[in-house]
Amino acid sequence: MSQDVDTTAQRSTKWPMAALLTANGVSVTGDMMARLAVPWFVLETTGSATQTGVIGVAITVPAIIAGIWGGGLIDRFGHRRSSLWSDLASGGTTAMIPLLFFTVGLPFWLLVTLVFLGSLLDAPGRSARKALYPRLVTLAGTALERATSAYDGADRAGLLLGGPIAGALIAFIGPANVLWVNAATFVVSAVLTFVAVPTDPLPGTASQPLALRAYLSEVREGLSFIAAEPLVRVTVVVMLLLNAIDGTTVVIAPVYADQFLGGAADLGLLMGGLGLGAFGGTVAFGVVGHRLARRAVFVAGFLLLGSRFIAFALGGELLVLLAVMLIAGLGAGPINPIMDALLYERVPEQLRGRVFATISAATLTAVPAGTIAAGYLAEVLPIRTVFAAFAVPYLLIASTPIWSGPWRRQGTSS
């Protein structure tokens, strides 16, 4: 009888963590579908790689704005509440795109506006779930390396499912209709969070007056923490630059698939291969990551991830590209768990909303420039040349932790 009670209690303490992981995975699946469906929708309706690049910017810039200025609001209103409202608002905005397109029409400027708003409303939810997660990990009694790998595994599962699902649905029902499914994923995520995740351990301070000077001070506090931590500071810069190059694939991968492969279905398969490899890499790191040197795994991961630019530049066929994407994904798998473990060890609980949101935004700040550049280059250069142009700086930047002082002092996981 006592053993049954202990087992039930153990399950009850692990359920909130599992529910948040599931909600996050569902939300990421929807995001991945939108990242494939919206650019493809623009490419299909306009035929313009430049306008596709503008949409890429409309996806990225709001996440930067919300990250820098929204972290303090997450801490004020509470992590659970912020996650719920973010999912519902973003889902409603996403649903407006197909609704308007199939009824009164959807001019490009309005599409850009809706995509901008959807991303602006979605970003705080991601940061809120991440800020809430460490408390649920403690409640569940799960080891840090396994917990960060589980969280990233939920993300990777979303990438794994979102790419092929979006590619298949685009081929069968069109990119506009895929956005109905995307909107539904936000609702599912909100319901899971509402039903299973307990009231915020950090209830927030929404009842207190929102004074601008005090709020700016809170924002600066998060920025100051990042600037004062050498390892965090260097890693954020590296990921900022590499994410800028990674972001170019939103534009150039659809163009390559349109010119050399079988269109959206093949592109979805490749994105699914990247997600499958990343999921496998995350699971493997969760098992053995505590025994490995973080610096070596971090560098190797980014170098493998950069190999896909070389494969596209060489004009690989579908099966070759699929193999490369699987291997690149394996390398990508440990990157986020390593970053999250570093942050969970260093960031005080009262700063998590601000620091996590700010880092999420900071690592995206150069993505719009990369996306615009990719759109322009895809218009004036052969697409394989564009991939080659981005491959070289990617691999050079990825090697930074080899000589960086803060990373050289980082051995195996703490």
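The values are calculated or read from the model by the stated rules, or taken from the named source; none is laboratory data. Worth saying up front: this structure is predicted, and the values here are computed from it rather than measured. Because the Cβ atoms are built from the backbone with ideal geometry, glycine has one as well, and the counts that use them run over all protein chains shown.
Rundown of residues vs (1) assigned to a helix (DSSP H, G or I); (2) of a type in the set (A, V, I, L, M, F, W, C), yes/no style:
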position: 100; (1), (2): yes, yes
position: 104; (1), (2): no, yes
position: 121; (1), (2): yes, yes
position: 131; (1), (2): yes, yes
position: 138; (1), (2): yes, no
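For residue 351, are the conditions met, namely being farther than 18 Å from residue 305 by Cα and modelled with pLDDT of 80 or more? Write out each step before concluding.
Working: farther than 18 Å from residue 305 by Cα: yes; modelled with pLDDT of 80 or more: no.
Answer is no for this residue.
Does the stretch 52-61 contain any residue that is surrounded by fewer than 24 Cβ atoms within 10 Å (Cβ to Cβ), in contact with an Asp or Glu (Cβ under 7 Å, 6 or more places away or on another chain) and part of a helix (DSSP H, G or I)?
Checked the stretch 52-61: no residue is surrounded by fewer than 24 Cβ atoms within 10 Å (Cβ to Cβ), in contact with an Asp or Glu (Cβ under 7 Å, 6 or more places away or on another chain) and part of a helix (DSSP H, G or I).
In the stretch 359-373, which residue that is over 14 Å from the mean Cα position of the chain (by Cα) and in a helix (DSSP H, G or I) is farthest from residue 119 (Cα to Cα)?
Filtering the stretch 359-373 for residues that are over 14 Å from the mean Cα position of the chain (by Cα) and in a helix (DSSP H, G or I), the one farthest from residue 119 (Cα to Cα) comes out as 373.
Show the residue pairs that are 6+ apart or on different chains and have beta-carbon atoms under 6 Å apart, the first residue being within the stretch 136-152 and farther than 18 Å from residue 281 by Cα, the second being part of a helix (DSSP H, G or I).
Within 6 Å, the pairs are 136/16; 136/17; 136/20; 137/147; 139/13; 140/13; 140/14; 140/17.
When residues of the stretch 62-94 are filtered for being in contact (Cβ under 8 Å) with a residue 60 or more places away in the chain, among the β-branched types (Val, Ile, Thr), crowded, with 19+ Cβ neighbours inside 10 Å and within 27 Å of residue 222 (Cβ to Cβ), how many remain?
So the answer is 3.
Mind listing just one residue for me: the one in the stretch 376-409 that is within 21 Å of the chain's Cα centre (by Cα) and buried (at least 22 other Cβ atoms within 10 Å of the Cβ) and, of those, farthest from residue 56 (Cα to Cα)?
So the residue we want is 398.
Looking only at the stretch 24-49, count every residue that is among the hydroxyl-bearing types (Ser, Thr, Tyr) and either under 16 Å from residue 89 (Cα atoms) or not in a helix (DSSP H, G or I) (or both) and tell me the total.
Final tally of qualifying residues: 2.
When you go through (1) closer than 26 Å to residue 143 by Cβ; (2) over 20 Å from the mean Cα position of the chain (by Cα) one by one for residue 283, which number turns out not to apply?
Just one mismatch for residue 283, condition (2).
Would you mind stating whether residue 132 is touching a Ser or Thr at 6+ places or on another chain (Cβ under 9 Å), within 23 Å of residue 64 (Cβ to Cβ) and either modelled with pLDDT under 85 or crowded, with 23+ Cβ neighbours inside 10 Å (or both)?
Numbers: touching a Ser or Thr at 6+ places or on another chain (Cβ under 9 Å): yes; within 23 Å of residue 64 (Cβ to Cβ): yes; either modelled with pLDDT under 85 or crowded, with 23+ Cβ neighbours inside 10 Å (or both): yes.
Yes: the conditions hold for residue 132.
Out of (1) at pLDDT 80 or above; (2) closer than 16 Å to residue 350 by Cα, what's the single condition that is false for residue 113?
Every listed condition holds for residue 113 apart from (2).
Across the stretch 140-156, what is the number of residues that are in a loop (DSSP other than H, G, I, E, B) and of a type in the set (Gly, Ala, Ser)?
Filtering the stretch 140-156 for residues in a loop (DSSP other than H, G, I, E, B) gives 141-143.
Among the residues that remain, those that are also of a type in the set (Gly, Ala, Ser) are: 141, 143.
Residues flagged as in a loop (DSSP other than H, G, I, E, B) and of a type in the set (Gly, Ala, Ser) within the stretch 140-156 amount to 2.
Residues 271, 339, 239: which one is under 29 Å from residue 132 (Cβ atoms), touching a residue at least 40 places away in the same chain (Cβ under 8 Å) and touching a Leu at 6+ places or on another chain (Cβ under 8 Å)? Spell out the reasoning first.
Values: 339 fails: touching a Leu at 6+ places or on another chain (Cβ under 8 Å); 239 fails: touching a Leu at 6+ places or on another chain (Cβ under 8 Å).
Answer to the selection: 271.
Based on what the data block shows, is residue 296 within 21 Å of residue 398 (Cα to Cα), without any contact (Cβ under 8 Å) to a residue 12 or more places away in the chain and not acidic (Asp, Glu)?
Values: within 21 Å of residue 398 (Cα to Cα): yes; without any contact (Cβ under 8 Å) to a residue 12 or more places away in the chain: yes; not acidic (Asp, Glu): yes.
Here the answer is yes, as residue 296 does meet what is asked.
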